[in-house]
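> What follows is a structure written as structure tokens; I'll ask about it next.
Laboratory data are not the source of any read-out in this text; all were calculated from the coordinates shown. Note that the structure is predicted; figures quoted are calculated from it, not measured. Note that each Cβ is placed from the backbone with ideal geometry, even for glycine, and that neighbours are counted across all protein chains shown.
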Number of protein chains: 2
Amino acid sequence: MLELNFSNMMGEVIGQKGIAERQIEGIKTTVSNIDKRIKSKERPELAFIDLLEQDTSEIKKTASFIRDNFENFIILGIGGSALGPRAITEALSPFHNLDKKPRVFIYDNVDPGTLDRMLSLTDLKKTAVNVITKSGSTAETMSSFMVLWDRMNKAGSDALKSFIATTDPEKGNLRKIANEKGLKALSIPSGVGGRYSVLSPVGLLLAEVIGVSADEMLQGARDIHQRCSDAEVWKNPAYLFGVLLYIMEREEKRTMNVMVPYADGLKPLAEWFCQLWAESLGKLGTGLTPYPSLGTTDQHSQLQLWMEGPEDKVVIFIKVDDYGVDIKIPKVFQDMDGLNYLGGHTMSELIKAEQESTELALAKIKRPNMAIGIPKIDAYHMGQLFHFFEMATAFTGFLYGINPFNQPGVEEGKNFTYGMMGKKGFEAKKEEVEKAREKKMCWRV
Amino acid sequence: MLELNFSNMMGEVIGQKGIAERQIEGIKTTVSNIDKRIKSKERPELAFIDLLEQDTSEIKKTASFIRDNFENFIILGIGGSALGPRAITEALSPFHNLDKKPRVFIYDNVDPGTLDRMLSLTDLKKTAVNVITKSGSTAETMSSFMVLWDRMNKAGSDALKSFIATTDPEKGNLRKIANEKGLKALSIPSGVGGRYSVLSPVGLLLAEVIGVSADEMLQGARDIHQRCSDAEVWKNPAYLFGVLLYIMEREEKRTMNVMVPYADGLKPLAEWFCQLWAESLGKLGTGLTPYPSLGTTDQHSQLQLWMEGPEDKVVIFIKVDDYGVDIKIPKVFQDMDGLNYLGGHTMSELIKAEQESTELALAKIKRPNMAIGIPKIDAYHMGQLFHFFEMATAFTGFLYGINPFNQPGVEEGKNFTYGMMGKKGFEAKKEEVEKAREKKMCWRV
């Protein structure tokens, strides 16, 4: 079971800059009020909680068809539609494409170089494509879909077998296309937003395609949900996670939350978390900036800044008890002072010692940090991590008094793009771009 | 040639929150004094500039031997020793391992799961290993080296052919081992620190192994160095880059610098930059936090926070003129309103429109941003980017009055690890760890 150790956040351990028990006590009523709002599903977007009870038979059937019939599985999606699938793949099937079939390509951009290279690597007749967009109108995803649709038809693929549309159950262009053309379609339930969708078909189909059990993932999520349903802040890891970071931001101006898993495979999970946290909480002039990192690797990159830079960060470790395998460091070069101490230990001893050392070094100079521990990296615990962070994020949004489910700040950029690309109704935006270009002073070197 | 467009940093474009010309004027004398210190090579670590004139024949010979004799090329290194090689590989040979030989594995951690998986994928008899550590004592790198040394000897590899030591010309355990065993060795010149070493054999050997010209890379670096040698701040893009971010931090409390290339292949370059910037500048309680990002992808992840979150960021775009290839978005689904506007455009039109839109949307609400433009992604311009950022970082360190070449803050964590792993002379640290464990209050849920 996932566990949160927050000793190094507390005044009793790190002194003045830490949190006092009474600060958490002082927020208890607010927390239990938010708990009621969450339990009453005050907002329709809290439907992500209902995902834990979904029937996965359709997903499993589709995945099994893909496994049996294709050598490549391409996901077209961006933001939450790509980050969740990537987090699952890298955590549970590292170096997947080097010796596993179907190979997985997650294309989440509109970089023509990448798309061209990806197409050159895949025999389109042996390729299934999952197009993921909740709204059905995401420009990046739909333009790649248009390219793939055209090329696969020309290559003689059977669209009815090769394409899956993962989108809103009723609304949007992608649903409309799926209906008209008779494509296989999976639904993202209408309340569920992109960044809370990893435990919907968005992540679960990919999981099953690469041989990861969707049901185990959901079981993990259900089990952690139990613990994240306690109205009492001290007993609820998700609420406590939010409360601690909230206090650190309000009282100590620590606006950055560094997420540092000590396992290569969890780096994309950190990136998935960063999207969830940033897009949910960054609004109305407030917001915490999540920072994706990786231990031990970033001890040689970011640690200097965490230790001696501005006091604006909280570091959050993700610790793994059992790496599944271990590797002994052999007793070679034993005549070398300053090297021979390593021989006889194992890699997992070393990575764990480094994690604990970093934690201690930060705590020693009173820099707050906390640790999320999981027993091992498997489908069950990935489900726990995903759902834990989603609960924590929704809760923290309510704590800040903001809507953790919208993203109004990205609209203006989209509108300018629509203008430049000639979308009907955005002629004024096009003019605005042209005026800005003219007016824009040219400061360049 | 690399170009810096900083219009959206200036008051004339973004109003009050922008920079006034006189603020840059006011810093001119300081800048030209720093320029003198750089040119006089005041610090030995400025030797990274001398790399531009190095002889690459030994590197090319070694690379050609590796290309001709091996199917896998493993780099063991961490921090600067890994990030530079990764930035080169992903920018100039995307999806390299899917159809190119030798395959490249950059192992920069001590995660036993990853190492085990990597070993299962590689025939060690057909594998060359480049061990990169300037000091020759990096625990992560040396412990993986010990594992590989043992396994490759047992597998019957010829160590003299298969191992390359890339390290200090004279000092350290790795150099000693290379001398004793007669291993092939390449030198990182003694003044050059790990994070300023990409244009040494650290990055250049990898480049040549994957078919990228080291000489072209150095030519690019030399050409941009010319421009970054002007004592006049207005004419020097590297100095101006530092000055603008310095003013934004001092005057506007913008402590975060988001680096957003609009090209998949440049994401690892952003990560390489982040290590350079964070570890060089984060000290004495000051420092700017660099944030690695990717366009258009992170418009669906971070953009909301940049637009509506706290005003603590400067966004830095990297723009590419020519993506090398382009892909037409076909005129399919033309009966779909809200989708048909895409057909007929190209992918590069779309990615460029999105970049400009994001820039404009930020500027419209007075959020500062600037853009580094390069004509295309090739060896020549990668060399320019690397050297430009190194010059800018060294300069900015001097501007803050700190030493941009050390990393004292990471020592304490290392010492705790030495203690736990039983290194001689660190017994007191081991005791400190044990005491901390006992004393540590157990706050967990």
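> Tell me, what ³J(HN,Hα) does each residue in segment B:2-14 have, in order and in whole Hz, if you take phi through Karplus 6.51 cos²θ - 1.76 cosθ + 1.60 with θ = phi - 60° and put x for Gly and Pro?
Rounded to whole hertz, the list is 4, 9, 10, 10, 10, 3, 6, 9, 9, x, 4, 9, 10.
> Past the 18 angstrom mark, what percentage of all C-alpha to C-alpha distances in segment A:284-358 do you count?
57 percent
> Can you grab the distance from the C-alpha centre of segment A:342-399 to the C-alpha centre of segment A:82-100, Å, no decimals?
21 Å
> While we're looking at this one, here's another question. Can you list the equivalent-ellipsoid semi-axes of segment A:168-252, largest first and in whole Å, using the square root of 5 times each Cα gyration tensor eigenvalue?
35, 18, 11
> Shielding of B:358-371 by partners, i.e. mean partner chain Cβ atoms within 10 Å per residue?
Partner Cβ neighbours, averaged per residue: 3.
> For A:330-336, what's the mean count of beta carbons from other chains sitting within 10 Å of each residue's beta carbon?
Average per residue, whole number: 6.
> Averaged over B:135-141, how many beta carbons belonging to a partner chain fall within 10 Å of each residue's beta carbon?
Whole-number average of other-chain Cβ neighbours for B:135-141 is 4.
> Can you tell me the order of B:103-111, B:425-433, A:215-223 when each peptide is scored by its average per-residue count of other Cβ atoms within 10 angstrom, highest first?
By packing density, highest mean first, the sequence is B:103-111, A:215-223, B:425-433.
> With n ≥ 4 as the cut-off for DSSP H runs, can you work out [θ] at 222 nm for the protein assembly as shown, using -39500 (n - 2.57) per run divided by the number of residues, rounded to the nearest 500?
Result for the protein assembly as shown: -14500 deg cm²/dmol, rounded to the nearest 500.
> Further question on the same structure: Amide H neighbours of B:Ala185 under 5 Å, at least 5 residues apart or on other chains, H built in the peptide plane: list them.
Here B:Ala165 satisfy the definition.
> How far is B:Ser190 from the same spot in each other copy, in nm, shortest first, if each label point sits 7 Å from Cα toward Cβ?
7.4
> Among the aspartates and glutamates, which have Cα under 18 Å from the Cα of A:Lys439 when same-chain residues fewer than 8 positions away are ignored?
Straight-distance partners of A:Lys439: A:Glu431, B:Glu12, B:Glu21, B:Glu356, B:Glu359.
> Distance between Cα centroids, segment B:415-437 to segment B:49-67: provide it in whole Å.
41 Å
> A further question follows. Could you put B:Leu199, A:Leu52 in order, starting from the residue whose Cβ has the fewest other Cβ atoms within 10 Å?
A:Leu52, B:Leu199
> Same structure, new question: Does anyone have the angle between helix B:411-421 and the longest principal axis of chain B? Alpha-carbon axes, 0 to 90°, nearest 10?
It works out to around 30 degrees.
> Straight-line reach from B:Lys328: which aspartates and glutamates have a Cα under 16 Å away, not including same-chain ones fewer than 8 places off?
Qualifying aspartates and glutamates at Cα under 16 Å: A:Asp111, A:Asp116, A:Glu140, A:Asp150, B:Glu349.
> Gap in Å between the Cα centre of segment B:145-188 and the Cα centre of segment A:130-153?
A separation of 49 Å, based on Cα centres.
> Lysine pairs in segment A:49-214 8 or more apart or on different chains: how many have alpha carbons under 15 angstrom apart?
15
> May I ask which residue of B:Ser157, B:Ala263, B:Tyr196 lies farthest towards the positive end of the charge dipole of segment B:148-278, with charges of +1 (Lys, Arg) and -1 (Asp, Glu) on Cβ and the Cα centre as origin?
B:Ser157
> Helix A:347-364: angle to the longest alpha-carbon principal axis of chain A, degrees 0 to 90, nearest 10?
70 degrees
> Now, a different point. Work out the P(r) tail for the protein assembly as shown: percent of alpha carbon pairs separated by more than 44 Å, whole number.
26 percent
> From Cα pairs below 8 angstrom and at least 6 apart in sequence, can you work out the relative contact order of segment A:69-148, rounded to a whole percent?
Contact order relative to length: 47 percent.
> Pull up all non-local amide H partners of A:Val260: gap of 5 or more, or a different chain, and H-to-H distance under 5 Å with H placed in the peptide plane.
A:Ile316, A:Phe317, A:Ile318
> A follow-up question, please. Normalising by the residue count of segment B:10-129, find the relative contact order in percent from Cα pairs under 8 Å and 6+ residues apart.
25 percent
> Near the amide H of B:Ile75, under 5 Å away, which other amide H atoms are found, from residues 5 or more places off or on another chain, if H is placed in the peptide plane?
Correct list: B:Phe105, B:Ile106, B:Tyr107, B:Asn130.
> Once phi is turned into ³J(HN,Hα) by the Karplus curve 6.51 cos²θ - 1.76 cosθ + 1.60 with θ = phi - 60°, what whole-Hz value does each residue of segment A:68-79 show in order, with x for glycine and proline?
So the J values, rounded to whole Hz, are 7, 10, 9, 9, 10, 10, 9, 9, 9, x, 9, x.
> Here's a follow-up. Report, please, the projected area of chain B averaged over directions, based on the convex hull of its C-alpha atoms, in nm².
25.9 nm²
> For segment A:49-214, what number results from the quotient of the Cα radius of gyration and 2.2 N^0.38 Å?
Output field value: 0.94.
> Now for a separate question. Relative contact order of segment B:49-213: what whole-number percent is it, with Cα pairs under 8 angstrom and at least 6 residues apart?
30 percent
> Rounded, prolate or oblate for segment A:118-168? Axes are the square roots of the Cα gyration tensor eigenvalues, ordered a ≥ b ≥ c, and the cut-off for rounded is a/c under 1.5.
prolate
> How large are Rg and Dmax for segment A:1-76 when calculated on the C-alpha trace, in angstrom?
Computed over the Cα atoms of segment A:1-76, radius of gyration and Dmax are 22.0, 61 Å.
> With charges only on Cβ, +1 for K and R and -1 for D and E, what is the dipole size of the protein assembly as shown about its Cα centre, in debye, rounded to 20?
0 debye
> Output ³J(HN,Hα) for segment B:301-313: one whole-Hz value per residue in order, computed from phi by the Karplus curve 6.51 cos²θ - 1.76 cosθ + 1.60 with θ = phi - 60°, and x for Gly and Pro.
Coupling constants for segment B:301-313: 9, 9, 4, 3, 5, 5, 6, 10, x, x, 8, 10, 10 Hz.
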